[in-house]
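Reading through the structure tokens given below for one structure.
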Amino acid sequence: MTDTIIHAHIPGHDVRLLAGVTTGLVDEACRRHRTAPTASAALGRTLTGALLLGLMQKDLERVTVQFSCDGPIGGIVAQSDAGGNVRGYVQNPEADLPERADGKLDVAGVVGKGTLHVRREAGFEIGLMKEPYSGIVEITSGEVAQDLAYYLTVSEQIPSAVSLGTFVNMTSRGVLAAGGYIVQAMPGTSEDVVEALMTRIGAAPMPTEMILRGLAPIDMLRTALGDFPVDVLESRDARFRCTCSHERVLAMLGSLEPAELERMIADDRGEHVVCHVCNTGYDVTVDELRALREVRS
Ligand code: ZN
């Protein structure tokens, strides 16, 4: 099944709803980085959160969600754009802890304390860089969803509820379900509606539970919000996609110090460069390195 993210609303109320089923792309990310189960859960939640935040961006804009933390995972980065593309990685893919007493993965345990930094940038690819919007909050929970909710409420000043999940098969390490939703009370939403929404969300099943049952993003919202009517405004396919390429690797090598490039050519073995964001390896031949030197001289 294709991964999908949607932007929806409750007719007659200023409530923004974002939801997504991201099982395929989270599974791909975890396979690429060979993450242990707890690291998979942390990465999966962060990728889904970044995707949902990216849904409100315009073309050529991007969102970066970055946890800088002192837990065994060391750090998590996810970057998305308005087109449903997301990429990301964790500092230590092997970060893992025993399951908690309630059977859940101990994401807060591998994240620990630190800061959550969210950056919204525009025009980066065409050189029309606008001032990025950037906010930093302390990590208050480490469970990712709660931290994003705290960031949205405190830094972007939009009271938000965030629910994100990743369900991992502990034996195969495959991701069986991933996704979640964000509910935002935009200015003008009445206190009564906010309270009613919070009560329903508090009693809603976990996103992974709904996704395992086969629910699409819209059904997940309808289940979570009970008798509130929900309409879809926009729906997009989502995927794991990095911006690296052989050309970009060559450009990066071409910008190295001349002595460094000379050393690589003298080495006569070519270079193997790995993109740390998606773990793709690129082989650069000695002839290509020589061509880079020619271009420069
Ligand atoms: Zn890459």
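The values are calculated or read from the model by the stated rules, or taken from the named source; none is laboratory data. Please read all numbers here as calculations on a predicted model, not as lab measurements. Glycine gets a Cβ as well: all are built from the backbone with ideal geometry, and neighbour counts include every protein chain shown. Please note that ligands, DNA and RNA were not included when accessible areas were found on the heavy atoms of the full protein model with its side chains. Shrake-Rupley method; radii C 1.70, N 1.55, O 1.52, S 1.80 Å.
Here is the short version for the chain: CYS30, CYS69 have no other Cys C-beta closer than 4.7 Å.
For THR115, project a label point 7 Å along Cα to C-beta. Then give me every residue of the stretch 136-151 with its amide nitrogen under 12 Å of that point. Output list for this probe position: 136-139. For the stretch 5-51, the relative contact order works out to 31 percent when only alpha carbon pairs closer than 8 Å and six or more residues apart are counted. For ILE201 and ILE265, FRET efficiency with R0 = 45 Å and r from the beta-carbon atoms, rounded to 0.05? In this case the efficiency is close to 0.15.
Under a 5 Å amide H cut-off, with hydrogens placed 1.01 Å from N, GLY71 pairs with GLY112, LYS113 among residues at least 5 apart or on other chains. What residue among SER172, SER141, SER68 shows peak mean-square fluctuation when the chain is described by a Gaussian network model with Cα springs under 10 Å? Result: SER172 has the largest fluctuation of those listed. When you restrict to C-alpha pairs under 8 Å that are six or more residues apart and normalise by the size of the chain, the relative contact order lands at 23 percent. Short-range pairs are left out: with C-alpha atoms under 8 Å and at least six residues apart, the relative contact order of the stretch 1-142 is 21 percent. Applying 1/(1 + (r/R0)^6) with r as the Cβ-Cβ distance of VAL274 and LEU60 and R0 = 25 angstrom yields a FRET efficiency of 0.35. Of the peptides 46-53, 115-122, the order by per-residue mean of other Cβ atoms within 10 Å, starting with the highest, comes out as 46-53, 115-122.
Once neighbouring chains are kept in place and the probe is 1.4 Å, which whole percent of the accessible area of the chain is contributed by carbon and sulfur? That fraction is 51 percent. Annotation note: trypsin sites (Lys or Arg not before Pro) in the stretch 244-285 located in DSSP loop regions with a Cβ neighbour count of at most 16 within 10 Å are ARG269. Each residue of the stretch 50-60 was assigned a 3J(HN,Hα) from its phi angle through the Karplus expression (A = 6.51, B = -1.76, C = 1.60, θ = phi - 60°), giving 5, 4, 5, 5, x, 4, 8, 7, 9, 3, 6 Hz with x at Gly and Pro. In sequence order, the stretch 258-269 has phi-based couplings of x, 5, 5, 5, 4, 4, 5, 5, 5, 4, 6, 10 Hz under the Karplus curve 6.51 cos²θ - 1.76 cosθ + 1.60, θ = phi - 60°, and Gly or Pro positions carry x. Given the options TYR89, TYR133, TYR151, state which has the largest fluctuation in a GNM of the chain using a 10 Å cut-off (strictly under) for Cα springs. Between TYR89, TYR133, TYR151, it is TYR133 that shows the largest mean-square fluctuation.
For the stretch 1-122, the solvent-accessible area with a 1.4 angstrom probe is 34 square angstrom per residue.
Plainly put, the stretch 154-297 has a radius of gyration that is 1.24 times its Kirkwood radius, both from alpha-carbon atoms, as the Rg/Rh ratio.
Just so you know, the Rg over Rh for the chain is 1.03, from Cα atoms, with Rh as the Kirkwood radius. What percentage of all Cα-Cα pairs in the stretch 1-139 are separated by more than 23 Å? Looking at the stretch 1-139, the distances longer than 23 Å represent 39 percent of pairs.
Please list, by residue number, everything in the stretch 173-213 whose backbone N is under 13 Å from a paramagnetic label point 7 Å out along Cα→Cβ of ARG31. Once the point is set 7 Å along Cα→Cβ of ARG31, 173-176 turn out to lie under 13 Å by backbone N, inside the stretch 173-213.
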